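The values are calculated or read from the model by the stated rules, or taken from the named source; none is laboratory data. Source: prediction; values computed, not measured. Positions of Cβ are generated from backbone atoms using ideal geometry, with glycine treated the same way; all protein chains shown enter the neighbour counts.
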Amino acid sequence: MKSSPSSAGLVYCTDSGRMCPACRHPLARCQCKAQPARAMGDGIARVSRETKGRGGKGVTLVRGLALDDATLSALCKQLKTACGSGGTVKDGAIEVQGDQVERVAQFLEKLGFTVKGAVLKG
């Protein structure tokens, strides 16, 4: 049984990434805005270290920031530069490679964020 052309759609393209199933445009340029909005944080930066699902490699996570995606990406770039490592933004959380909890927490405090979950040394 063949599927009709209207129900068969491109889900992922190597050139532009994930595609919107409704309008068939890249998610970044979605015209129907059918993508679910992510919940905004409460403004308190929660810094933690996590290894689950990463083959034992640790990342430092920053969650809870009430920032839009563009500002979060800019902050992620600043954190990566300050820590001298890689990282990304996924689902409204910043991931910085390695155990950088103290360095990230100190950097966020200097920027004026309230930080929880990190043990800071004197």
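The table below gives the values:
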quantity	calculated
The one condition in (1) closer than 30 Å to A105 by Cα; (2) surrounded by 11 or more Cβ atoms within 10 Å (Cβ to Cβ); (3) modelled with pLDDT under 75 that A39 fails to fulfil	(2)
Boolean, L67 is part of a loop (DSSP other than H, G, I, E, B) and either over 22 Å from A28 (Cβ atoms) or under 16 Å from the mean Cα position of the chain (by Cα) (or both)	yes
Answer residue from segment 10-28, given it is in a strand (DSSP E or B) and within 20 Å of the chain's Cα centre (by Cα) and is modelled with the lowest pLDDT among those	Y12
When residues of segment 70-113 are limited to those that are small (G, A, S), farther than 19 Å from D42 by Cα and not in a helix (DSSP H, G or I), the one farthest from the chain's Cα centre (by Cα)	G84
Residues located in segment 67-122, provided they are in contact with an Asp or Glu (Cβ under 7 Å, 6 or more places away or on another chain) and exposed (fewer than 13 other Cβ atoms within 10 Å of the Cβ)	L120, K121
